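Engineer: Take a look at this one; I'll ask things after.
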Amino acid sequence: MGNIVAIVGRPNVGKSTLFNRLTQTRHAIVSDEAGTTRDRQYGKSEWTGKEFSVIDTGGWVVNSDDIFEEEIRKQVALATEEADVILFLVDVRNGVTDLDEAVANILRRTKKPVILVANKADTNEWTYSAAEFYALGLGDPYCISAATGSGTGDLLDLVLSKFPKEDSGSDLDDSIPRFAIVGRPNVGKSSLINSFIGEERNIVTNIAGTTRDSIYTRYTKFGFDFYLVDTAGIRRKNKVTEDLEFYSVMRSIRAIENSDVCILMLDAERGIESQDLNIFQLIQRNNKSLVVVVNKLDLVADKSTVVMNEYEYAIRNRMAPFDDFPIIFASALTKQRIFKVLETAKDVYLNRKKRVSTAKLNEEMLPQIEAYPPPSIKGKYIKIKYCMQLPETQIPSFVFYANLPQYVKEPYRRFLENKIRERWNFCGTPIHIFIRQK
């Protein structure tokens, strides 16, 4: 089960630097100028075999101090509601500021684990200055240097110890697929769910989810048997006052991590937007299968084949390079093609579990490799003589044994993946390609 770690704090305390350190990326722009992080950053981190999501809650770019404090209040309130562990970052070199106290006032009220992290303690002398942060009332300040990595290993050990105990989900049947309906606000997620389970004669069993956010609804009707991972419409309307983009992506993280197949809903009137791409990237990072549903088809005036083809081309173009997924045009309100959504999601789930025999894989792939071998590098020729599908993997994974695996580059991996997809139907599910020493 996935967990979320939110990094909060006032501007210019090193949140983006710590985010890059934990995710081992350089996705977040780091600068001495306060407010550099305008877009939220979402990443995956791994420590001692445990994976979790990390969110950098930057983006507080305003001029007025009053608005500044209001934006901080919104961001921290949302982070405390959605995250499992909160890292409250402060600057040991600047000491306690008014904005630090404003954040601490909110965090003291939460029941979530809060770790007070004193950043920029590059030398031992700075650790003595961290004592003043006891005044914030959040326990011992944990000294680190996000820039050099000093102390971050012990910090991660502490973070893992704060995660809630995992529920094995004994009430849930692991053999039954889990479909998550995700998308930005007001795209029709709740309407689609209501269309599926709204009839009183449906056989529906509600099972409390293993996290407080996701609710599993057992759907058994018309030959379908699966769990709906429902995160839509749970929140009270008077609580939806924070940044909707941030809110929807945090909720999507929960739903995506708890699912096998993600049904990503788009608005036919508005088309594909940056927020849709954010959620699509989350699905990819978590190696989940995908079905794209273009909702509100009843509001589209021109439903000609040419228009639908153009719409489909635009979606695949924006989501490239992964474009082998089904796209369904439907209307949750009129229930037009909603059962086609279920049929397709079921097919995609079966594709996710598909196995290709080693003999058949070699029979089909080795002639393709012989006809188009990997390009030689520095006069060295790469030979691939054998391949197989790895057993018991989360998604279909194939290993190709080569004499010089280090010289096989990403374009050739994509070539191998494309050839596999041409021969076998893995539509909607990601594929892993590994090159190993023979």
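Read the figures in this text as sums done on the coordinates, not as results from a lab. A quick note: this is a predicted structure, and the numbers were derived from the prediction, not measured. With ideal geometry, Cβ positions are generated from the backbone for all residues, glycine too; neighbour counts draw on all protein chains shown.
Engineer: Quickly work out the residue 422-to-residue 317 label distance, labels modelled 7 Å from Cα along the C-beta direction, and quote it in nm with one decimal.
Structural biologist: Spacing of the two 7 Å Cα→Cβ label points: 2.4 nm.
Engineer: Where in region 292-352 are there trypsin sites (Lys or Arg not before Pro) that are in a DSSP coil and have at most 13 other Cβ atoms within 10 angstrom of their Cβ? Working shown, then result.
Structural biologist: Working: sites: 296, 303, 316, 318, 335, 337, 340, 346, 352; in loops: 296, 303, 335, 337.
Taking region 292-352 and a limit of 13 other Cβ atoms within 10 Å, the loop trypsin sites (Lys or Arg not before Pro) found are 303.
Engineer: Stokes-Einstein diffusion coefficient for region 105-195 at 37 °C in a medium of 0.692 mPa s, Rh from the Kirkwood formula over Cα pairs: what value in µm²/s? Working shown, then result.
Structural biologist: Working: Rh = 17.4 Å.
It diffuses with D of about 188 µm²/s by this estimate.
Engineer: Still on this model: So if I take the centroid of the Cα atoms in region 339-368 and the same for region 390-415, what is the distance between those two points in Å?
Structural biologist: Using only Cα atoms, the two centres lie 17 Å from each other.
Engineer: Can I ask one more? Taking the Cβ of residue 295 as the centre, find all other residues whose Cβ is under 15 Å away and add up their charges (Lys, Arg: +1; Asp, Glu: -1). Mind showing how you got there, number by number?
Structural biologist: Values: positive: 184, 189, 270, 296, 303, 335, 337, 340; negative: 267, 269, 273, 276, 298, 312.
Result for the neighbourhood of residue 295: +2.
Engineer: For a 30 Å ceiling on Cα separation, which of these pairs sit above it: 44/111; 111/346; 288/335; 296/346?
Structural biologist: Check vs 30 Å cut-off fails for 111/346.
Engineer: GluC sites (Glu not before Pro), restricted to region 383-438: which are DSSP loop and have at most 10 other Cβ atoms within 10 Å?
Structural biologist: Working: sites: 392, 417, 422; in loops: 392.
Taking region 383-438 and a limit of 10 other Cβ atoms within 10 Å, the loop GluC sites (Glu not before Pro) found are 392.
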